[in-house]
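**Q** My questions all concern the structure below.
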Amino acid sequence: MPVPPLTPLAAAVLHVGAPERILQIECGEGEGTLFLAREFPSARVRGVDRSPERIRAATGRIGLDPEGRVAFKVGTPRRLPFPDDHFDLLTVLDSHPAAAESARVLRPGGFLAIASSGSPGALAGLRGWLLHQRLRRRGFEPIWTEAAGEGSFAVERLRASGRASVSL
């Protein structure tokens, strides 16, 4: 039986404590976002995706949510429709975050979980190294990296002292 594609995301969130506000970037039709809402029942969970069609489909999957804990918006990794320092946890599954925009919406001390449901080495190699370098320049520090199921994950934390200054 194949490993569920959410296995790397599920493994990653074991390393993030108990966030109050969560954002899944490139959420698609909301499977990961709804998983996060179940995993953290007291958190407010948001999902963004560039496709209005996928956002409509995700919104249709919410079901009964009288407290408004789960919601979806159109957005991209480079343009997240949220205020600065808003989230405790950002998650990305099978995509790459924009380092500067992630640092903007994540509160200092918050976590970024990057999960890949494909190859365990998807976060490695040149592309992975470049992503991690961009994250370091924006104030992220590595917490945990590991293979999980048929994929892998990395958890980064935004320095509590604030964002790193960027020099040109």
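Each reported figure results from applying straightforward, stated rules to the coordinates on display, with no laboratory input. Here the structure is a predicted model, which means the values were calculated and not measured. Quick reminder, even Gly has a Cβ in these numbers, built from the backbone with ideal geometry, and neighbours come from all protein chains shown.
**Q** Within the chain, which is the longest segment containing none of the trypsin sites (Lys or Arg not before Pro) that sit in a DSSP loop and have at most 16 other Cβ atoms within 10 Å? Write out the running numbers ahead of the final one.
**A** Values: sites that count: 50, 61, 69, 78, 159.
It runs 79-158.
**Q** Percent of Cα-Cα pairs per 10 Å bin, from 0 to the last occupied bin, for the chain, please list those.
**A** With a bin width of 10 Å, the distribution comes to 11, 41, 37, 9, 1.
**Q** Further question on the same structure: Could you compute how fast segment 1-97 diffuses translationally, taking Rh as the Kirkwood radius over C-alpha pairs and applying Stokes-Einstein at 37 °C with viscosity 0.692 mPa s? Give it in µm² per second.
**A** In µm²/s, the coefficient is 243.
**Q** Just want to confirm a number: the relative contact order over segment 1-112, from Cα pairs under 8 angstrom separated by 6+ residues, in percent.
**A** Relative contact order for segment 1-112 comes out at 27 percent.
**Q** Taking every pair of alpha-carbon atoms in segment 1-53, give the share separated by more than 18 Å as a whole percent. Don't skip to the answer; put the middle values down first.
**A** On the way: 433 of 1378 pairs.
Value for segment 1-53: 31 percent of Cα pairs lie more than 18 Å apart.
**Q** Just from its helices, what would the mean residue ellipticity at 222 nm be for the chain, if runs of 4 or more DSSP H residues each count -39500 (n - 2.57) and the sum is divided by every residue, rounded to the nearest 500 deg cm²/dmol? Spell out each step's value before the answer.
**A** Numbers: 5 runs with 44 residues, N = 168.
After summing the helix terms and dividing by the residues of the chain, the value is -7500 deg cm²/dmol.
**Q** Continuing with the same structure: Need one number: the % of Cα-Cα pairs in segment 59-144 sitting beyond the 23 Å mark.
**A** 30
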